[in-house]
Amino acid sequence: MLPPLKTVREGLRRTTEALAVELEQPGIATPEWSDLEWRLAAAAAAAHGVSPLLCKSSRWQNPEWRGFLESQREHVELRHRRIASLLERIDASARAAGLAIVALKGSALHAIGVYVPGERPMADIDLLVRENDAAPVIQLLQDLGYVESFVQWKHRVFKPATGQPAAGLGEHRDTPVNIELHTRIQERLPISAVDITGRIYPQEPTPGLNPYPSNGALMNHLLLHAAGNICGRSLRLLHLNDIALLAGRMTTDDWNVLWDEHATDAPWWALPPLRLVARYYRNTVPVAVLARLERDCPALLRTISRRQTLTQVSCSDLWLHALAGIEWSRSVREVGRYVRNRVRPPKENIKERADMVRTQFWLQGQSWVRQNQGRRILTLLTRPVPRMDTLFVVRAALESPGLR
C-alpha cells in the first residue's frame with residue numbers, strides 16, 4: 001500500500017530539492033528524515049540519475065542510504081564497461097564500413113573526461129548519422145545483435161535481440177543497453193521543432209565515432225535536450241549537472257555557438273535550462289549569457305522560468321498536468337495547435353503512445369495509459385492524476401529491502 005499521495009508528493013518535493021543542494025554544496029548535517037522520506041530520497045536520486053554522484057559527494061551518515069548509493073555506483077561502473085566495449089565495437093565496425101557517426105551526450109561527456117566510469121548513468125547510447133548513412137548504420141547495428149524496437153519522430157530505437165530490463169530501484173549492471181539512432185537533432189517546443197543538426201555534425205567527419213565539433217556544440221545539444229525535457233516536465237538533476245560541469249570548460253567562443261550565424265532563429269529555448277543551472281549551481285553560467293538570452297526568450301516563458309524549480313519541471317512533481325509545456329508556445333496559432341493535439345492527438349502521437357505502452361517496463365499493466373484521450377483529459381480536469389513513471393520508482397523504493 002502506498003502512503004497518501006499528497007504525503008508522497010510533498011516528500012518528493014522536499015527530498016528532491018535537498019538532493020539538488022547536497023550535490024552542489026555537500027553539507028555536514030544528516031537530515032532528520034523519517035523512513036518514508038529516506039525511501040523517497042532514494043526514489044528521487046534514482047529517477048534523477050544522481051545516485052552515483054551523490055555517493056562521491058554526499059556526507060549524510062545514514063547507513064542504508066550510504067549502502068544504496070554505493071551499490072548504485074558499482075552497478076553504473078559495471079554497466080559503463082559494457083557500454084564502453086559496445087562503443088569500441090561500433091567504432092571499429094564504422095571505420096571498416098567507412099561510416100561517420102557522432103556519439104552523443106553521455107558518451108561524449110565521458111570521452112572528454114567530464115565524468116569517470118561509475119559517476120554518470122547512461123540509459124542508452126545516442127548516435128547521430130547522416131540521413132544517407134542511416135540504412136548501412138542500421139545494418140551495422142543488426143550485425144552487432146540489435147533489432148529495431150520502435151520508431152519515433154526524433155529517432156529509431158534499437159535493443160539487443162536478447163535480454164530483459166532488470167526490475168528494481170535505480171541502475172542495474174545487467175540492464176540491456178539500447179541504442180537511439182538520430183539523423184536530426186531536434187526538439188518540439190511544444191509544437192514547432194527546433195533543429196540544431198548543423199551545429200552538431202562535424203564539417204569534416206571521419207569514418208568511425210566522431211566527437212562534437214566543439215564544447216559549444218555539445219552545450220547546444222545539452223541545452224536543447226534539457227529544454228525539451230522541461231517542456232515535457234521530465235527534466236533530471238543529471239541534466240543540470242551535465243550542463244554545469246561543461247560550463248566550467250566553456251570559453252566565450254564556445255558560448256557564442258548558441259548564436260550560430262547560420263541558424264534561422266535565436267536560441268530562445270536555452271534560457272529556462274540555464275536559469276535552473278544558475279539556481280542550483282552558483283557562478284557557473286556567465287551573467288552576460290543569461291542577459292543576452294533574456295532578450296531572445298518570449299515574455300511569458302521568460303517570466304515563468306524565472307521562478308521554476310527542479311521539482312516543478314521533473315518527475316518529482318507527482319501530478320500530471322493537462323497542458324504541460326503550453327507556456328513554450330510562441331504564438332496564438334501554436335497554442336491552438338497544442339490544445340487541438342491534446343484533445344484529438346494526431347496518428348503519430350497515438351502510435352508513439354502505443355509504442356511506449358508496449359516497450360516501457362514501468363507502463364506494463366497500467367490502465368490509465370490505455371484509456372482514450374477524452375477520458376484521460378476529463379480525469380485530469382476533475383482530479384489529480386499521478387505520473388506512472390514516478391509511482392513506479394516510488395513503489396520500487398518502498399519495496400526495496402536494502403532501505404529501512
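The values are calculated or read from the model by the stated rules, or taken from the named source; none is laboratory data. Computed from a prediction, not measured in an experiment: that's the story for all the values here. All Cβ positions, even for glycine, are placed from backbone atoms using ideal geometry, and neighbour counts span all protein chains on display.
Which ones in the range 140-187 are of a type in the set (Asp, Glu), loosely packed, with under 15 Cβ neighbours inside 10 Å and in a loop (DSSP other than H, G, I, E, B)? Once the filter is applied, which keeps residues that are of a type in the set (Asp, Glu), loosely packed, with under 15 Cβ neighbours inside 10 Å and in a loop (DSSP other than H, G, I, E, B), the range 140-187 yields only Asp174.
Among the residues of the range 200-215, the ones that are in contact with a Pro (Cβ under 9 Å, 6 or more places away or on another chain) and among the β-branched types (Val, Ile, Thr) come to 1 in all.
Residue check: is Ala111 farther than 25 Å from Ile243 by Cα and modelled with pLDDT of 95 or more? Don't jump to the end; show me each part of the working.
Values: farther than 25 Å from Ile243 by Cα: no; modelled with pLDDT of 95 or more: yes.
The answer is no for Ala111.
Of all the numbered requirements in (1) free of Cβ contacts under 8 Å to residues at least 40 places away in the same chain; (2) closer than 29 Å to Leu78 by Cα, Asn132 misses one, and that requirement is (2). Restricting attention to the range 332-366, which residues are charged (D, E, K, R), at pLDDT below 85 and under 18 Å from Ala322 (Cβ atoms)? The one that is charged (D, E, K, R), at pLDDT below 85 and under 18 Å from Ala322 (Cβ atoms): Arg353.
When restricted to residues that are farther than 22 Å from His155 by Cα and not in a helix (DSSP H, G or I), the range 319-360 contains 10.
One line per residue, one yes/no per condition, for (1) at pLDDT below 95; (2) over 24 Å from the mean Cα position of the chain (by Cα):
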position	(1), (2)
Ala123	yes, no
Leu128	no, no
Pro136	no, yes
Leu140	no, yes
Asp143	no, yes
Trp153	yes, no
Lys159	no, no
Gly163	yes, no
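Conditions tested, residue by residue: (1) modelled with pLDDT under 95; (2) surrounded by fewer than 21 Cβ atoms within 10 Å (Cβ to Cβ); (3) of a type in the set (Val, Ile, Thr).
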site: Thr7; (1), (2), (3): no, yes, yes
site: Leu12; (1), (2), (3): no, no, no
site: Leu19; (1), (2), (3): no, no, no
site: Leu23; (1), (2), (3): no, no, no
site: Trp33; (1), (2), (3): no, yes, no
site: Glu37; (1), (2), (3): no, yes, no
site: Ala42; (1), (2), (3): no, no, no
site: Val50; (1), (2), (3): no, no, yes
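Checked against the criterion of being in contact (Cβ under 8 Å) with a residue 60 or more places away in the chain, under 17 Å from the mean Cα position of the chain (by Cα) and over 19 Å from Gly49 (Cα atoms), the candidates Leu238, Leu218, Leu209, Leu222 yield just one match: Leu218.
Of the residues that make up the range 253-265, is at least one in contact with a Phe, Trp or Tyr (Cβ under 8 Å, 6 or more places away or on another chain) and either more than 23 Å from Gly49 (Cβ to Cβ) or in contact (Cβ under 8 Å) with a residue 24 or more places away in the chain (or both)? No, there is no match, as no residue in the range 253-265 is in contact with a Phe, Trp or Tyr (Cβ under 8 Å, 6 or more places away or on another chain) and either more than 23 Å from Gly49 (Cβ to Cβ) or in contact (Cβ under 8 Å) with a residue 24 or more places away in the chain (or both).
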